[in-house]
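*Asks:* Below are the structure tokens for one structure; questions will follow.
Rule-based calculations on the coordinates, nothing more; no lab input. A quick note: this is a predicted structure, and the numbers were derived from the prediction, not measured. Here the Cβ is made from the backbone with ideal geometry for all residues, glycine too, and neighbour counts use every protein chain on show.
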Amino acid sequence: MTATAWRGVVAGEFGLDPATGEPGPSYEPGMELRGKYVFLSEGVRGSLAKEVIAKYDLSKGKEPQKFGLGMKEIWEIDPAKHREGTVTHTMGWPLGKNAGGGSFIYHLENNQVYIGFVVHLNYRNPHLYPYMEFQRFKHHPMVAELLEGGKRVAYGARAISEGGWQSMPKMVAPGVALLGCSVGMVNVPRIKGNHNAMLSGKAAAEAAHAAIVAGRQGDELADYEAEVRGGAIGKDLKKVRNVKPLWSKLGLVASLMGGGMDMWLNTIGLTAFGTLRHGKTDAAATGKAADFRKIDYPRPDGKLSFDRLTNVAFSFTNHDENQPAHLKLKDPTIPIAVNLPQYDEPAQRYCPAGVYEVLGEGADATFRINFQNCVHCKTCDIKDPSQNINWTTPMGGGGPNYPNM
Ligand code: SF4
């Protein structure tokens, strides 16, 4: 990337010293991939997209992006209970007033079921433990009855963008375009974004093709942005733009009524609320530990519910241990000096893979990062109240190895 235009990416750097992060004796520089235009479609909270948005101030005048943490298990269940094609969604329970969120249960083929739970990351109580909320959800009588006699065969987690229309940054800068969830194109009430991600890929390709045919390169693909905002993606997201802020402000029941009414009004070109703001980032929404009650979570029973590390084994995550941690602390003192006294260091709980641990107490407390367990969900990069954790790409393509997720 030069000062004026993005020219490409560098991929696959090897041999960084695990202790210093500097090139070691077996260092191999990454391959440079150059293009007339570079498309970034890294999914939610992409590390390159994050840099591009900051460098070109692309979020100026927009609402902050909002996120949820989605966790999912695949189960093989008793064939007698399996109903291929059945879809179940729930909202709320067991979160209560502690957070917004809900579940999905999809019956696939071969007696498999996807069971997942999403927790909105704007929750205030830093004692909340999203992973344990998911485990608790499976003990609801309806879910427990479905899963009893079955076995969990896979586990994974990923952040989801939820900011929608009002949070979409400017999506082009010189030589680079942001696509899909690098922009945040999930339709929250439909819990669906892949349709818009595909449309954004098509729109970006068409805009780049037209530009190259016209002899251009390395400039802003303004036609791409115009198509996203004015075309099918914009129409899809604009009419549901108030669902998420209403949910955050009014809670589940009132937001269902208000958001539903606004969505229907939008289909005839009207709106009850204009465009509501999200306000704070999810990190800034986190409250102080002393202002909230601790939550008592039942221990996993090992049949329906599992501890984090047992479940992480079912994400088939693997990282070469001989590398610097890809989870970088901007200031290594903050977890113990700031986050622990003020927020009871919530990284211990919001990480769905148990990567972060506080060991010892008082003056002996230390912060440990078990980066090998990371399932690349990006929650720490989003939710750390001090915004001190930077998720970077690990060396050698390590990470979760999801089967059929
Ligand atoms: S370390 Fe961060 S990105 Fe990795 S699993 Fe935990 S919260 Fe997700």
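*Asks:* Which of the peptides 285-295, 392-402 is most tightly packed, and how do the rest follow, going by the mean number of other Cβ atoms within 10 Å of each residue?
*Replies:* 392-402, 285-295
*Asks:* Still on this structure: Please compute the length gained on full extension between THR310 and GLU357, using 0.36 nm multiplied by the number of residues separating them and subtracting their Cα-Cα distance.
*Replies:* Using 0.36 nm per residue and subtracting the Cα-Cα distance, I get 15.3 nm.
*Asks:* Return the FRET efficiency for the residue pair ARG190, LYS97: r is the Cβ-Cβ distance, R0 is 25 Å, and the value is rounded to the nearest 0.05.
*Replies:* Once the sixth-power term is evaluated, E becomes 0.50.
*Asks:* How much length is gained on full extension from ASP364 to LYS238, taking 0.36 nm per residue of separation minus their Cα-Cα distance?
*Replies:* Net length gain for the segment: 40.2 nm.
*Asks:* By how many nm would the segment from ALA214 to ALA272 grow when fully extended, if each residue of separation counts as 0.36 nm and the alpha-carbon distance is taken off?
*Replies:* Gain on stretching ALA214 to ALA272: 16.5 nm.
*Asks:* Still on this structure, I have one more. Once R0 is set to 45 Å, what does the formula 1/(1 + (r/R0)^6) return for the Cβ-Cβ distance between LYS303 and ALA19, expressed as a FRET efficiency to the nearest 0.05?
*Replies:* 0.60
*Asks:* Jot down the radius of gyration and Dmax of the chain, Cα atoms only, both in angstrom.
*Replies:* 21.9, 65
*Asks:* Grab the DSSP H runs of the chain that are 4 residues or longer, score each as -39,500 (n - 2.57), total them, divide by all residues and round the 222 nm result to the nearest 500 deg cm²/dmol.
*Replies:* One gets -7000 deg cm²/dmol as the mean residue ellipticity at 222 nm.
*Asks:* Choose one of ALA154, LEU252, THR88: the residue whose Cα lies farthest towards the positive end of the charge dipole of the chain (beta-carbon charges +1 Lys, Arg; -1 Asp, Glu; about the Cα centre).
*Replies:* The one lying farthest along the dipole's positive direction is LEU252.
*Asks:* Can you figure out the FRET efficiency of MET261 with GLU109, using R₀ = 30 Å and their beta-carbon distance, to the nearest 0.05?
*Replies:* The pair MET261/GLU109 has a calculated efficiency of 0.20.
*Asks:* Among the aspartates and glutamates, which fall within straight-line cross-link reach of LYS81, defined as a Cα-Cα distance under 19 Å, with same-chain neighbours fewer than 8 residues apart omitted?
*Replies:* Hits, sequence-local ones excluded: GLU73, GLU109, GLU145, GLU148.
*Asks:* State, to one decimal in nm, how far the label point of LYS81 lies from the label point of ALA144, with both points 7 Å from Cα in the Cβ direction.
*Replies:* A separation of 1.1 nm, rounded to one decimal place.
*Asks:* So which lysines pass the test for LYS288, namely a Cα distance under 17 Å, with those fewer than 8 places away in the same chain ruled out?
*Replies:* LYS97, LYS280, LYS383
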